[in-house]
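A.B. asks: Would you mind keeping the following structure in view while I ask a few things?
The values are calculated or read from the model by the stated rules, or taken from the named source; none is laboratory data. Note that the structure is a prediction, hence the values are computed from the model and not measured. Here the Cβ positions follow ideal geometry from the backbone for every residue, glycine too, while neighbour counts run over all protein chains shown. Heavy atoms of the whole protein, side chains included, go into the accessibility calculation; ligands, DNA and RNA do not. Shrake-Rupley method; radii C 1.70, N 1.55, O 1.52, S 1.80 Å.
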Amino acid sequence: MKHDRQNQSGLDAAASDHHHHHQSRTTADLVRDLIVRISNPSRPSDIERILRYASRMLSSGITPSISSDESAMAESIKRSLVRAGRSSDALSFADFLSKISSSGGLRNRWALLYLLKSVSDDHASSADTPPLLPISAASGGLPAINGLKTLDPRSDGGGVLMVSKYSEREVDLRDFEDSARQEAELERLLVRDVLHACQGIDGRLIKFDGALDGYALVDPSKFPRDRRIMVFKLCELGWLFRKVRHYVSSIAGPPDAIGTVGQAFRGALNGELSDYYKLLTVLDAQSRSPIPPSEGSDGGDYLSLRRLAVWLAEPTVRMRLMAALVDCCGAMKGGAMAGAIHAHASRGDPLVIDFMSRLLRVSCSPLYEAVRAWVLEGELRDPFGEFFVVSTASAGSLLWREGYRLQPSMLPPFIPRDLAHRILRTGKSINFLRACCDDQDGCTITASKDVSIGYGETAALEKLVSEASECIDRRVLDVMYGRYQFKDHCLAIKRYLLLGQGDFVQYLMDVVGPRLSEPAGKISSFELSGLLETAVRASNAQYDDRDMLDRLKVKMMKHDEGDRGWDVFSLEYDACAPLDTVFSASAMERYLKVFNFLWKLRRVEHSLTAVWKTMKPNRIVSHQFTKQDGDLRTRFTSVSRRCQVLWDEMNHFVTNLQYYIMFEVLEVSWSRFLDEMETAKDLDDLLSAHDKYLDSIVEKSLLGERSKGIRRSLLVLFELVLRFGSVADRLFEGIYELQQRGRTKSSRLKRLVDDGAGGGGRKELMRRGGEFLSKMGADLDSIANEYSPSLDGFISLLPLQPHVDLKFLLFRLDFTEYYDRLHPRT
């Protein structure tokens with residue numbers, strides 16, 4: 001030992017001498033001084049051996065065969081240390097590299113790393129090479145940069161005792177084993193903290209960072225980059241868990257804000273979290289087992305970060321899905337929430353499909369229970385507004401059309417829209433039977449109530465709805481056709497409101513006609529009701545069902561000043577429940593519209609018939625005028641012929657129009673309506689057939705919105721016919737009065753004869769007759785001049801109408817092409 005201290009003193013003196021003369025020192029001297037400082041050799045001979053090794057290396061001209069990549073070289077060194085089971089040395093190297101990188105004083109760091117790596121590899125491959133580095137380097141590691149020295153507790157006098165080479169190896173081996181154990185314990189602590197983070201709990205090394213919105217290492221600089229990345233990836237599960245747990249706990253609010261589907265979804269999430277907790281319990285038990293210093297050397301039941309990553313792979317996928325569902329569902333509820341969950345089930349991964357199906361089966365169970373209650377019992381069990389069928393609190397005649405409707409926002413995409421409409425109709429039919437038809441017994445569905453329905457069982461749901469709808473729809477139609485005689489009521493409306501009962505209409509015209517000619521304000525509806533009953537008793541209508549006749553009533557519409565009874569008179573049919581579902585207020589308004597049109601047409605026809613009745617006897621009586629000579633006979637013949645021709649032309653038009661309306665429109669539409677009633681499968685089909693029947697009548701009768709122009713022209717023709725009837729009545733009344741005067745002589749004429757002026761009285765009579773005929777002829781010419789272009793205009797508009805059936809009317813009106821030749825049209 002004394003000798004060693006002397007050698008050391010000599011070396012120190014030599015080094016000091018070189019320091020004082022650094023201006024004249026060579027490279028070899030600098031290398032020697034460096035060897036003394038970092039290697040601390042025990043003998044001078046060691047210096048020479050190390051110097052020769054260093055000189056040979058420095059004088060080598062071999063160019064490196066790899067590119068100058070500092071990061072790649074550093075990673076290579078760390079991997080070499082880890083493969084050698086020296087994780088603590090790898091950590092020390094990482095800290096050393098971080099320090100020299102941050103200082104910025106060392107420029108060519110890659111060359112230094114390459115040198116150290118080359119020296120270590122060369123020493124490991126050659127047993128004869130003198131030890132350039134301390135013990136750690138001799139075993140393949142990196143040099144101790146700070147000149148490590150070992151303190152021996154056996155040193156006496158407080159001096160520093162250098163252990164032998166063999167002793168230093170043992171010390172380093174013990175240090176390595178201690179470092180490996182510490183590294184394994186550190187990883188075990190990381191594993192436990194990761195498990196804590198997965199439960200939303202902060203650990204000692206890993207805590208939740210609110211600024212980063214995630215879990216992070218408290219001091220990431222103490223851990224290598226690959227470990228930091230792995231911890232960050234594993235802690236994602238904890239962040240997802242916090243999101244799901246927060247949603248599950250915060251959603252526990254008022255029931256109306258959550259809904260039954262939301263509660264079921266919450267329960268499904270809780271079930272998945274329970275399985276998740278069980279897994280974490282198992283992993284926590286494994287994390288208590290120590291990790292061997294060299295992972296992979298022992299196959300024990302321990303839990304490292306890599307093993308934990310494998311365990312948490314599937315739970316992370318499931319938790320990521322649950323977090324995505326939490327984000328998309330938000331404040332949704334009911335069918336909207338079920339649809340949002342279903343949107344995430346369209347994946348190709350079997351794991352995802354199985355997980356989402358399990359979640360949807362639980363979440364959608366309240367929705368399917370609501371479907372079952374609605375379809376089988378007609379009960380709308382939806383206290384929180386989640387079902388896709390909603391009630392609008394309408395009753396009576398509006399129950400079927402407006403009482404219930406679909407709510408599209410709550411209809412999930414896995415229930416087809418046509419199936420949803422059948423579900424709506426089935427439950428609505430049950431309520432219709434109960435509320436409108438007073439039929440409680442027929443509301444029992446014979447379909448099996450034990451059929452299991454749920455998410456993914458669309459075929460079972462289709463079967464349940466089909467059986468229930470078929471049963472209840474058949475019952476509804478049986479009640480409508482049987483107990484409430486729907487077909488008979490439709491026939492009664494056709495006979496009386498659509499004026500299909502000819503004798504009744506004729507009697508009604510005869511008895512109410514005189515009263516309807518009076519001002520509307522002077523007519524009593526009670527009196528007209530009595531006249532209606534008279535017309536019923538005088539016609540074959542008296543043999544119809546009394547219940548249906550009692551529903552027929554007189555209705556006086558609102559009238560303005562100057563309106564006559566003809567303008568405000570109408571009939572109505574009182575259809576009570578459940579018939580008012582079909583004969584609704586809007587339907588009866590259209591019936592009234594058609595009745596007013598037909599009533600006006602019948603009035604025109606009745607007026608022409610009255611003119612004809614007046615013309616026939618007057619033609620017999622008027623022969624006295626034909627015996628007169630001169631201008632009076634000419635005028636009488638001209639007026640009579642003009643009246644007859646105009647009547648023929650008007651009668652041709654009215655007769656063919658009436659034929660078209662009564663047969664081509666009403667009878668054809670009625671026949672089709674009967675066929676559609678026979679094929680109707682449910683009440684919706686019946687309503688559709690009736691609406692189609694009414695629409696056909698309205699449109700073909702020129703009462704639709706697209707026929708306003710031609711309807712105005714038609715009404716002008718009606719007014720001209722009525723004016724003609726009035727003029728014809730005055731004409732023949734005047735002729736009759738003149739005839740009577742010529743036969744019986746008034747008292748005034750007798751005085752004129754007694755006074756000897758009888759001839760003057762006859763002349764006065766002829767003069768007045770001539771003036772009267774001239775005036776009537778002028779009125780007839782005026783009507784004819786208006787009627788002819790109006791009729792021509794009406795006929796010209798017929799080909800422009802959208803209905804093909806109007807071609808029959810055009811053909812009947814102009815079958816000889818007289819009007820076409822008279823007024824050629826394009």
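A.B. asks: Which of the pairs K555/K700; K494/K553; K487/K700; K593/K700; K428/K487 have their Cα atoms more than 19 Å apart in this structure?
C.D. replies: K555/K700; K487/K700; K428/K487
A.B. asks: So for the range 188-268, averaging the separation of alpha carbon pairs under 8 Å that are six or more residues apart and normalising by length, what relative contact order in percent results? Display every interim value, and only then the final one.
C.D. replies: Working: 71 pairs, mean separation 20.0, N = 81.
So the answer I get is 25 percent.
A.B. asks: In addition: Which aspartates and glutamates have a Cα less than 16 Å from the Cα of K522, not counting those fewer than 8 places away in the same chain?
C.D. replies: By straight Cα distance, K522 reaches D560, E561, D563, D567.
A.B. asks: For the range 458-570, what is the charge dipole size about the Cα centre, in debye to the nearest 20, if Lys and Arg each add +1 at the Cβ and Asp and Glu each add -1 at the Cβ?
C.D. replies: 100 debye
A.B. asks: What residues have an amide H closer than 5 Å to that of K207, excluding those fewer than 5 places away on the same chain, when H is modeled at 1.01 Å from N in the peptide plane?
C.D. replies: Long-range HN contacts for K207: A216, V218.
A.B. asks: Same structure, new question: Sorted by average packing, counted as other Cβ atoms within 10 angstrom per residue and highest first, what order do 371-382, 107-118 take?
C.D. replies: Top of the packing list down: 371-382, 107-118.
A.B. asks: Go through E70, E187 and list them by solvent-accessible area, largest first, probe radius 1.4 Å. Can you show the working numbers first?
C.D. replies: On the way: E70 50, E187 20 Å².
Correct descending sequence by accessible area is E70, E187.
A.B. asks: Considering the dipole of the range 442-532 built from charges on the beta carbon (Lys and Arg +1, Asp and Glu -1) around the Cα centre, which of V465, L516, L491 is farthest to its positive end?
C.D. replies: Highest projection toward the positive end goes to L516.
A.B. asks: Short version: ³J(HN,Hα) in whole Hz for each residue of the range 259-273, in order, from phi by Karplus 6.51 cos²θ - 1.76 cosθ + 1.60 (θ = phi - 60°), x for Gly and Pro, what are they?
C.D. replies: So the J values, rounded to whole Hz, are x, 5, 5, x, 5, 5, 5, 4, x, 5, 5, 4, x, 5, 5.
A.B. asks: Right, here's the next one. Determine the alpha carbon to alpha carbon distance for each of K613/K763; K78/K117; K78/K233; K463/K681 and list only those over 19 Å.
C.D. replies: In this structure, K613/K763; K78/K233 lie more than 19 Å apart at Cα.
A.B. asks: Counting Lys +1, Arg +1, Asp -1, Glu -1, what net charge surrounds L702 among other residues with beta carbon under 13 Å of its beta carbon?
C.D. replies: Values: positive: K593, K600, K700, R706, K708, R711, R712; negative: E664, E699, E705, D805.
Spelling it out: positives minus negatives among the neighbours equals +3.
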